[in-house]
1. Leu31 passes all but one of (1) modelled with pLDDT under 85; (2) assigned to a helix (DSSP H, G or I); (3) hydrophobic (A, V, I, L, M, F, W, C); (4) within 17 Å of the chain's Cα centre (by Cα); which number fails?
2. Which pairs turn up if I take residues in the stretch 134-148 that are touching a residue at least 12 places away in the same chain (Cβ under 8 Å) and under 11 Å from Arg117 (Cβ atoms) and look for partners that are part of a loop (DSSP other than H, G, I, E, B) and open to solvent by less than 70 Å² (accessible area, probe 1.4 Å) with beta carbon separation below 7 Å, at least 6 apart in sequence or on another chain?
3. Within the stretch 8-28, take every residue that is touching a helix residue (DSSP H, G or I) at 6+ places or on another chain (Cβ under 7 Å) and within 12 Å of Ala62 (Cβ to Cβ) and give me the one that is modelled with the lowest pLDDT.
4. Restricting to the stretch 10-38, name every residue that is open to solvent by less than 10 Å² (accessible area, probe 1.4 Å) and more than 23 Å from Ala185 (Cβ to Cβ).
5. Restricting attention to helices (runs of 4 or more DSSP H) lying wholly within the stretch 78-135, give those where 3 or more residues are modelled with pLDDT under 65.
6. Out of Ala152, Ala130, report the one residue that is closer than 22 Å to Thr42 by Cβ and touching a helix residue (DSSP H, G or I) at 6+ places or on another chain (Cβ under 8 Å).
7. Look at the stretch 178-187 and say how many of its residues are modelled with pLDDT under 85 and touching a helix residue (DSSP H, G or I) at 6+ places or on another chain (Cβ under 7 Å).
8. Between a first residue in the stretch 172-192 that is open to solvent by 60 Å² or more (accessible area, probe 1.4 Å) and a second residue that is of a type in the set (A, V, I, L, M, F, W, C), which pairs have beta carbons less than 8 Å apart while being 6 or more apart in sequence or on different chains?
Amino acid sequence: MLEQVGSLIGSPWIYAVVALSILLDVFLPVLPSGVLVITVATAAAAGSATDVPDILALTLCAATASVLGDLVAYRLAWRGGARLDRAISRSRRLTTAQERLGAALARGGGALVVLARFAPAGRSVVSLGAGAAHRRARDFLPWSALAGLTWAAYSVALGWFGAHWLGASWLATAVSVGALFGAGAGAAYVMRREPRVSEAS
């Protein structure tokens, strides 16, 4: 299977599939876009000297698709009106995320946006929350771009280094995916603890 994926590296189709998966997972967080990025990176690392351009193209593709997906969710939530506001108010998680995002952006910081990109469904919550709260695009999108690039570079690096250390195998992919999930769990833990830290200070 990895050999088949590897044969598609350099083809526009594999990048289109990766981009579509990342674009859609802001609305369907169950889509395994991170797993797909790692698998493609692992297959690319199994190539010859051409794997470096492929890795850079994959990173750029994943980061761009991530930002575009965030922007689509942000704009849809911005235009969602009262119905979306009511839906958010019924969700404790969305309401809390919206408040914390607003506070973070007001302080001139957006580490929460970057952290949320790794946490399960965090990207969806933050992008929709920013749009629904009518946060300024110039406050949100630069952090979204940083989050997308950080996530893409991390995911691609996991696949690439995993393949070089463990070989282009399903074991390398599994270890890399485990590291991605570990980062997600760590991000979720930090995001849950942040209000207490802020209150204590």
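1. Condition (2) is where Leu31 drops out.
2. That search, which allows pairs on different chains as well, returns Trp143/Gly110.
3. Ile14
4. Result: Val18, single match.
5. Working: elements: 81-89, 92-106, 111-118, 122-132.
Per the criteria, 81-89, 92-106.
6. Working: Ala130 fails: closer than 22 Å to Thr42 by Cβ.
Answer to the selection: Ala152.
7. Of the stretch 178-187, the ones modelled with pLDDT under 85 are 184-187.
Imposing the further condition that a residue be touching a helix residue (DSSP H, G or I) at 6+ places or on another chain (Cβ under 7 Å) reduces the set to 184, 187.
Qualifying residue count, the stretch 178-187: 2.
8. Val175/Leu166; Val190/Leu115
The values are calculated or read from the model by the stated rules, or taken from the named source; none is laboratory data. This structure is a prediction, so every number in the text was calculated from the model and none was measured. As a convention, Cβ positions derive from the backbone with ideal geometry for all residues, glycine included, and neighbour counts pool all protein chains shown. All accessible areas refer to the heavy atoms of the entire protein, side chains included, with ligands and DNA or RNA removed. Shrake-Rupley method; radii C 1.70, N 1.55, O 1.52, S 1.80 Å.
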